[in-house]
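See structure below.
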Amino acid sequence: MNLIQRTFIQDDVAGYYISQKPQKAIKKIVVNDIFAELIKRNIEVRIVPNLEKVSDRVKKSKLDWSLCRMRYAKHMKGNL
C-alpha cells in the first residue's frame, strides 16, 4: 500500500482525496485569472445560462456523477 492509499480516501466520482488526519499546507498559489490558468492547461470551459438542463441530462446518463452543490444553483426547481 503506497502513501496516498494509506493517507487518503479517494472519492472516485468527485475525483478528489479526503485526508483522514489534519494536513499542513506546503505551498500557497494565488490565482488571479482563473480562466487564463484553465486555458493554459487546455481545459475546456463552457458557460451556460442555466445549469438545470445540464443537470437533468447528467442525471439521466450512465456517467458516475455528483451534483451535491447544485442545490445552491439559482432557478433550480428543488434540491437534488
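Here are the numbers for this structure:
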item: Spherically averaged projected area in nm², based on the convex hull that wraps the Cα atoms of region 3-72; result: 7.5
item: Relative packing of 17-25, 52-60, 33-41, which averages over residues the other C-beta atoms within 10 Å, highest first; result: 52-60, 33-41, 17-25
item: Candidate aspartates and glutamates for bridging to Lys27, where Cα separation is under 19 Å - those fewer than 8 sequence places away on the same chain excluded; result: Glu37
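The numbers here are math on the coordinates, done by the rules we state, and not lab data. What you are looking at is a predicted structure, and each value in this text was computed from that prediction instead of being measured. Don't worry about glycine lacking a Cβ; one is built from the backbone with ideal geometry, like all the others, and counts go over all protein chains shown.
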